[in-house]
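Asks: I have a structure here, written as structure tokens, and I will follow up with some questions on it.
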Amino acid sequence: MRLTTDQIQAIRAAASSTFGDKAAVWLFGSRVDDAKKGGDIDVLVRPAPTADDEPFARKIRMLILLERVLGARKIDVVVEQANDLRPIVAVAHATGIQIP
Amino acid sequence: MSISPEQLALQHIQAVCQGHADALSEALQDMQLRALGADDYTHLNKDDRRLLDQFAYRYTRLQDDMGARLMPSVLKAMGEDIAPMSAIDRFARLEQLGWLDSADNWLALRQVRNQFAHDYPDSPTERFERLQAAVQAARQLLTIMAQFQRKAIGAENRVRGNDGSHSPPT
């Protein structure tokens, strides 16, 4: 994992405040691969059941929060839907690291 | 009348941005006529897809050119030293100077723009919500652009009228 504890906590906190405390969060992609360098930060969020409406508006709020803490770096947030069949969601679950 | 290089650069980028703004307005009008619903968006016909591409392209260009070129040009033309400023600093300075109503809102519009360049396909629900948010954001962008044009005309008149250093003796 090539993110600092502070960065990971910032991502968790931003997800909790926009998708609910019970949101589940995974980091995936090149940042969880210690052998690689640089790269985007890829985040999968499964919203809390109480916060599963307006996924796009919530995502924008989360990204604004993260920009303040992490600066203008490239962060991709994928929001998981109920019965989500997108390959990227399966990849994130298979290869990602969940942030409790 | 001599115009400073900074003023010339500003006029050039103003014209570029206005071109994007005009094309974006046209795309918005056409989209209003089409009144696409969530269902249409899952199987777009060729014309609708082209229209949405045009909308996304002009929105992205207007947002990028305003943030990366017009705003720095405005600050330079006003004699600001922008070299040490981050992008966020520049937005905050423009808010202080009364050109932007809200630097925070500009950051939100920028995040909406970034979602057009998203690497992963969104779910259909989110895609439709994104389009609706982008239409709102585009309208705000056009309002901000119009405000910049008004302020630029005002600033230029002040330079010509009050500040002798920019106008050679006739």
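The values are calculated or read from the model by the stated rules, or taken from the named source; none is laboratory data. From a predicted model like this one, the values you see are computed outputs, not experimental measurements. With ideal geometry, Cβ positions are generated from the backbone for all residues, glycine too; neighbour counts draw on all protein chains shown. Calculation scope for accessible area: heavy atoms of the full protein, side chains included, ligands and nucleic acids excluded. Shrake-Rupley method; radii C 1.70, N 1.55, O 1.52, S 1.80 Å.
Asks: Which of the lysines could a cross-linker span from residue A:74 if the Cα-Cα distance has to be under 21 Å and same-chain partners fewer than 8 positions apart are dropped?
Replies: Correct list for residue A:74: A:36, A:37, A:59.
Asks: Pop out the Kirkwood hydrodynamic radius of the protein assembly as shown from its pairwise C-alpha distances, inverse of mean 1/r, in Å to one decimal. Walk me through the numbers before you get to the answer.
Replies: Details: mean 1/r = 0.0483 Å⁻¹.
Kirkwood radius, the protein assembly as shown: 20.7 Å.
Asks: While we're looking at this one, here's another question. Let me confirm one metric for peptide A:71-81, namely the mean number of other chain beta-carbon atoms within 10 Å of its residues' beta-carbons.
Replies: 4
Asks: Of all accessible surface on the range A:42-100 at a 1.4 Å probe, what whole percent is carbon and sulfur?
Replies: 59 percent
Asks: Follow-up question, since we're still on this one. Find the centroid of the Cα atoms in the range A:1-27 and in the range B:14-51, then give the distance between the two in whole Å.
Replies: 35 Å
Asks: How large is log10 I(q)/I(0) at q = 0.10, 0.16, 0.17, 0.23 Å⁻¹ when the Debye formula is applied to the Cα atoms of chain A, each weighted equally and without solvent?
Replies: -0.24, -0.62, -0.70, -1.32
Asks: Here's another thing I want to ask about it. Report the relative contact order of chain A, percent, no decimals, based on alpha-carbon pairs under 8 angstrom and at least 6 residues apart.
Replies: 35 percent
Asks: Going through the range A:3-32, which chymotrypsin sites (Phe, Trp or Tyr not before Pro) have at most 13 other Cβ atoms within 10 Å and a DSSP loop state?
Replies: Those that pass, being in a loop and sparsely packed, number zero.
Asks: Give the cross-link partners of residue B:76 among the aspartates and glutamates, using a straight C-alpha distance below 12 Å as the criterion and excluding same-chain residues fewer than 8 apart.
Replies: Candidates past the 8-residue exclusion: B:6.
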